[in-house]
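A.B. asks: Could you have a look at this structure, given as C-alpha cells, before my questions?
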Amino acid sequence: MTEGYIKFNCTWKQEPILISEEILLSLDRSRSHLYELGLIGMYPDGIGFGNISMRMESGTFLITGSATGQFTHLKPSHYAIVSGYDFVTNSISCTGQTKASAESLTHAAVYEALSEVGAVVHVHCLWLWDKLLNKYPITSGEIEYGTPEMALAVRQLATESKESKILVMGGHREGILAFGKNLNEATDHIMNLFNRLKHD
C-alpha cells in the first residue's frame with residue numbers, strides 16, 4: 001500500500017453462517033467455471049486472487065472469504081456475509097468462519113450504485129485486462145487497489161456505465177469486474193468476453 005492510504009479495516013464476527021444448498025450450488029457453479037479458466041486462483045507466492053459475491057436481504061451480501069483462491073470448491077465456511085461498510089474509512093463489518101475478501105468494498109460500491117445488480121464477479125487476467133483497456137469503462141490508472149478512492153471510483157463508474165456490465169480497474173493490473181442481475185449473468189459476461197477474445 002502507498003504510504004498515507006488508510007489500510008483495509010475489518011470488524012469480523014467469527015461464527016458459522018447459514019447458506020442454503022441452492023445458493024451454495026449456484027455460487028460453486030459460477031466460481032468453478034472461473035477457477036477452471038484461471039480467472040480465480042492463487043499466485044505462486046501464495047496470494048489468492050479473484051472473488052464472487054451475491055446480494056442478500058437487508059442490504060447485506062455474501063462474498064468469498066479471504067485466502068480462498070486456492071480451493072477448487074468452497075464450503076460454507078469459506079464465505080462471509082458483509083453487513084456494513086464505510087468507503088471513507090476503508091472498513092467493513094462481516095460474519096463468517098473466514099474473513100470477507102479485502103475486495104468487499106469494491107463489490108459494495110457496485111451494489112450501492114445499481115439496485116438491480118444481484119451479483120458481482122471480480123477476476124484477474126492480464127491479457128484480457130490489456131485487451132479491454134480503453135474499450136470498456138475504466139477507473140483512473142492513478143487510483144490504486146485497496147484504497148477508498150478505488151471503491152468510490154467504481155461506484156461512480158458503475159452508475160455512469162451500467163449498461164456495459166464490465167468495468168476495468170485501471171490502477172489494479174489484471175483486475176476486471178463483471179456484474180449482473182444474478183450470478184449466472186455476471187459470470188457469463190466475463191466468460192463470454194474471455195472466450196471471444198482469447199484467440200484474437
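Readers should treat all values here as calculations from the given coordinates under stated rules, not as data from a laboratory. Note that the structure is predicted; figures quoted are calculated from it, not measured. Here Cβ is always computed from backbone atoms with ideal geometry, including for glycine, and neighbour counts include all displayed protein chains.
A.B. asks: In angstroms, what radius of gyration and Dmax does the chain have, counting Cα atoms only?
C.D. replies: For the chain, the Cα-based Rg and Dmax read 15.4, 47 Å.
A.B. asks: Could you estimate the translational diffusion coefficient of the range 1-82 from the Stokes-Einstein equation, with Rh from the Kirkwood formula over C-alpha pairs, at 20 °C and 1.002 mPa s, in whole µm²/s?
C.D. replies: Roughly 153 µm²/s, to the nearest whole number.
A.B. asks: Summing Lys, Arg as +1 and Asp, Glu as -1, what charge do residues with Cβ under 9 Å from the Cβ of Gly171 carry, Gly171 excluded?
C.D. replies: Net charge in that neighbourhood comes out at -2.
A.B. asks: At a Cα cut-off below 13 Å, give the aspartates and glutamates reachable from Lys99, other chains included and same-chain residues fewer than 8 away excluded.
C.D. replies: Output for Lys99: Glu15.
A.B. asks: In addition: Based solely on its DSSP helices, what 222 nm [θ] is calculated for the chain when runs of n ≥ 4 H residues each add -39,500 (n - 2.57) and the sum is averaged over all residues, nearest 500 deg cm²/dmol?
C.D. replies: My calculation for the chain gives -9500 deg cm²/dmol from helical runs alone.
A.B. asks: Based on DSSP H assignment, which helices of the chain show an axial Cα extent of at least 15 Å together with a mean Kyte-Doolittle hydropathy greater than or equal to -0.5?
C.D. replies: Working: long enough: 21-36 (22 Å, -0.64); 148-160 (18 Å, 0.14); 183-197 (21 Å, -0.23).
Span-like helices in the chain: 148-160, 183-197.
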